[in-house]
Amino acid sequence: MDERSAKTRDVLKTKHQTKKSKIMNAPKQNEYLLLISGSAWYNRVSPEELQAKMNQFRGWFEKLTTAGKLKGAQPLAREGAVVTKNGVVSDGPFAESKEAIGGYFLLTVDTFEEAVEIAKSCPALEVADKIEVRPVSEECPMETRIREAAQELAAV
């Protein structure tokens, strides 16, 4: 093994053996994120329609909370910023787009299919463009790659 490979192996081994980040690699228990995307539809309906939709939404929310399936949820502001790898900052997140992520729900359910069914039952889907269902990963992909690289080098 050449000197560079040995140094790389040692760095990867040392880095992987350090204590994992409690934030990025916290144990997950079947967590799924629902990302709700759409336009500002609430500005185009009557106050009565808006109140009816809000009541429907609150009922759905309470049902999930009571069942212990909703771990967290927050609306997202429509304004923000986009920062690129070149350091360019622009108004965002989608200043030129009519669609933006308007909020999220963090679910704790048994399966991906159950998370999809919950998304399909969300009253927001009637007015939102889409709801993206994403599993929460148990490990940062960079940590996974470091572990794999260390194993590859150990086999050499």
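State all residues of the range 64-74 that are open to solvent by 70 Å² or more (accessible area, probe 1.4 Å), under 16 Å from the mean Cα position of the chain (by Cα) and either touching a residue at least 40 places away in the same chain (Cβ under 8 Å) or closer than 19 Å to SER121 by Cβ (or both); if no residue qualifies, say none.
Across the range 64-74, the qualifying residue is only LYS71.
For a quick check of your reading of the model, give me the residue pairs whose first member lies in the range 125-143 and is on the phi < 0 side of the Ramachandran plot, whose second is modelled with pLDDT of 85 or more and part of a loop (DSSP other than H, G, I, E, B), with beta-carbon atoms closer than 9 Å and at least 6 apart or on different chains.
VAL127/VAL45; ALA128/CYS122; ILE131/CYS122; PRO135/ASN30; VAL136/ASN30
Kindly indicate the residue of the range 123-141 that is more than 17 Å from the chain's Cα centre (by Cα) and not acidic (Asp, Glu) and also farthest from GLN29 (Cα to Cα) among those meeting that condition.
VAL127
Since GLU139 meets every condition but one in (1) of a type in the set (D, E, K, R); (2) open to solvent by 80 Å² or more (accessible area, probe 1.4 Å); (3) farther than 26 Å from ARG44 by Cβ, which condition does it not meet?
Checking GLU139 against (1) of a type in the set (D, E, K, R); (2) open to solvent by 80 Å² or more (accessible area, probe 1.4 Å); (3) farther than 26 Å from ARG44 by Cβ, the one that fails is (2).
In the range 64-93, how many residues are in contact with a Leu (Cβ under 9 Å, 6 or more places away or on another chain) and either acidic (Asp, Glu) or in a helix (DSSP H, G or I) (or both)?
1
List the pairs whose first member sits in the range 40-56 and is under 20 Å from ALA100 (Cβ atoms), whose second member is aliphatic (A, V, I, L, M) and not in a helix (DSSP H, G or I), and whose Cβ atoms are under 9 Å apart, counting only residues at least 6 apart or on separate chains?
Taking only residues 6 or more apart or on different chains, the pairs are ALA40/ALA100; TRP41/VAL127; TRP41/ALA128; TYR42/VAL127; VAL45/VAL127; LYS53/VAL45; LYS53/VAL127.
Need pairs with beta-carbon distance below 7 Å; first residue of a type in the set (A, V, I, L, M, F, W, C) and within the range 144-156, second open to solvent by 50 Å² or more (accessible area, probe 1.4 Å) and assigned to a loop (DSSP other than H, G, I, E, B); sequence gap 6+ or separate chains.
Going by the 7 Å Cβ cut-off, the qualifying pairs are VAL156/MET1.
With the condition kept exactly as written, say whether any residue in the range 40-52 is of a type in the set (Lys, Arg), modelled with pLDDT under 65 and over 21 Å from SER121 (Cα atoms).
The answer is no, given that none of the residues of the range 40-52 is of a type in the set (Lys, Arg), modelled with pLDDT under 65 and over 21 Å from SER121 (Cα atoms).
Whether any residue in the range 127-148 is under 21 Å from ALA67 (Cα atoms), assigned to a helix (DSSP H, G or I) and at pLDDT below 90 is what I want to check.
No, because not a single residue in the range 127-148 is under 21 Å from ALA67 (Cα atoms), assigned to a helix (DSSP H, G or I) and at pLDDT below 90.
Which residues, counting only those in the range 110-126, are under 16 Å from PHE61 (Cα atoms) and open to solvent by 40 Å² or more (accessible area, probe 1.4 Å)?
Once the filter is applied, which keeps residues that are under 16 Å from PHE61 (Cα atoms) and open to solvent by 40 Å² or more (accessible area, probe 1.4 Å), the range 110-126 yields GLU114, VAL116, GLU117, LYS120, SER121, LEU125, GLU126.
Please go through the range 142-156 and pick out each residue that is more than 23 Å from the chain's Cα centre (by Cα) and open to solvent by 40 Å² or more (accessible area, probe 1.4 Å).
If the condition is that a residue be more than 23 Å from the chain's Cα centre (by Cα) and open to solvent by 40 Å² or more (accessible area, probe 1.4 Å), then ARG147, GLU148, GLN151, GLU152, ALA154, ALA155, VAL156 are the ones that fit.
The values are calculated or read from the model by the stated rules, or taken from the named source; none is laboratory data. From a predicted model like this one, the values you see are computed outputs, not experimental measurements. Note: ideal-geometry Cβ built from the backbone for every residue, glycine included; neighbour counts use all protein chains shown. Side chains included, ligands, DNA and RNA excluded: accessible areas come from the protein's heavy atoms. Shrake-Rupley method; radii C 1.70, N 1.55, O 1.52, S 1.80 Å.
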